[in-house]
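Each remark here refers to the structure printed beneath this line.
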Amino acid sequence: MKDISSLQKESEVKTILTDLQNQAKMHKSYKASQKLKESWFENSNSISKHSKNAIRQAPFYVLAKSEIPAVLVEVGFLSNPKEAQKLMDSQYQEEIANKLADGILNFKEKVDKDQPARLD
C-alpha cells in the first residue's frame, strides 16, 4: 500500500508529464499554423493578402481537448457581404481547400523530417 507522500509525488509527476505533453502539442500546433499561413499567402490568386493574418492561441474546446496538434482557421465571415459572396464561389472554395491541404502537407513533411530514424 502506498503512503500519502508517494501518492502526492506520483500525482506531481503525472501533472508534470501532462504539462510537458500539452506544451509539445501547443508547439506543434503553432508550427502547423505557421505552415498553413505560409501556404495561404504563397501564390495566392484571389485570397486577400491584406487580411489579418496573425496566429493566435485560444483555449477553444476543440483545440484544447485534441490529443494531436490542432489548428482552427478562419477563412472569412459570412456577415461580411463581400466575403460571403467569395465564400459561395466554388473556385474560391477550391483555392482555399488547396491552400489548406498544401499547408498540412508542408507541416507533415517537416514533422517527418524532424523525426529520428526508427531502428526496426
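The values are calculated or read from the model by the stated rules, or taken from the named source; none is laboratory data. Keep in mind that what you see is a predicted model, and the values were worked out from it rather than measured. Cβ: placed from backbone, ideal geometry, glycine included. Neighbour counts: every protein chain shown.
Given the residues SER11, SER29, SER33, SER79, which is the only one that is loosely packed, with under 10 Cβ neighbours inside 10 Å and modelled with pLDDT of 85 or more?
Details: SER11 fails: loosely packed, with under 10 Cβ neighbours inside 10 Å; SER29 fails: loosely packed, with under 10 Cβ neighbours inside 10 Å; SER33 fails: loosely packed, with under 10 Cβ neighbours inside 10 Å.
On inspection, the qualifying residue turns out to be SER79.
List every residue pair whose Cβ atoms sit under 9 Å apart, with the two residues 6 or more apart in sequence or on different chains, where the first one lies in segment 59-77 and is over 12 Å from ASN22 (Cα atoms) and the second, anywhere, is among the small types (Gly, Ala, Ser) and loosely packed, with under 11 Cβ neighbours inside 10 Å.
Pairs found: LEU72/ALA58.
Among the residues of segment 69-105, what is the count of those that are assigned to a helix (DSSP H, G or I), under 25 Å from GLN57 (Cβ atoms) and within 17 Å of the chain's Cα centre (by Cα)?
Number of matching residues: 9.
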